[in-house]
Number of protein chains: 2
Amino acid sequence: MVERLTAEARKTALKELSGWTEVAGRDAIERTFVFKDFNEAFGFMGRAALVAEKSDHHPEWRNVYKTVEVVLSTHDAGGVTQRDIELAKAMNAIAAQLGHG
Amino acid sequence: MVERLTAEARKTALKELSGWTEVAGRDAIERTFVFKDFNEAFGFMGRAALVAEKSDHHPEWRNVYKTVEVVLSTHDAGGVTQRDIELAKAMNAIAAQLGHG
């Protein structure tokens, strides 16, 4: 089983993850992506969904038109793990390809 | 411009919309769909996204693994309109085809 990151490891990982911050009062990380329109926002979600499904690690996310709010945490571990960091990196890469880095 | 439904018209429409209820404290309607897994939940979202984009009327929605929480309201009209009722019906039809009606 994958282990929760220590507070220090989480902070170090976040430094390299543009846009991601710790969620207040919860062992999780979050980022809000703002795209050009719904087409682009849902395009991002579609690509991120494929990555999530392939790695069997899924986001909590909310979409309102061109905005996608994402929260990542590893349920089984009760907090942020390397799997969240990897999904966050993948999401940033997808967003960057859409011109939102 | 599409007009807000009266409270009476909204109630009448909701009677025929399985699973949808009024949102407390807001002129909007909501339904939570629970699917078999993420594949099915995101499949629902993909089909619903195409309907939303085609009609240029988009949901507020949140997905956590197999669950999709949807809130519908028409921003321009400041409340629930016939466009929300139509999108809700379309979502119910998609969910029903996935075995969740």
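The requirement of being among the basic types (Lys, Arg) and either under 27 Å from A:Ala52 (Cβ atoms) or touching a Leu at 6+ places or on another chain (Cβ under 6 Å) (or both) is satisfied by B:Arg31. Of all residue pairs spaced 6 or more apart or on separate chains, those with beta-carbon atoms under 8 Å, a first member in segment B:54-75 that is within 14 Å of B:His100 (Cβ to Cβ) and facing chain A (nearest Cβ under 10 Å) and a second member that is in a loop (DSSP other than H, G, I, E, B) and among the charged types (D, E, K, R) are B:Lys66/B:Lys36; B:Lys66/B:Asp37.
No lab work stands behind these numbers, since they all come straight from the coordinates. All figures in this text were calculated on a predicted structure; none of them were measured in a lab. Cβ: placed from backbone, ideal geometry, glycine included. Neighbour counts: every protein chain shown.
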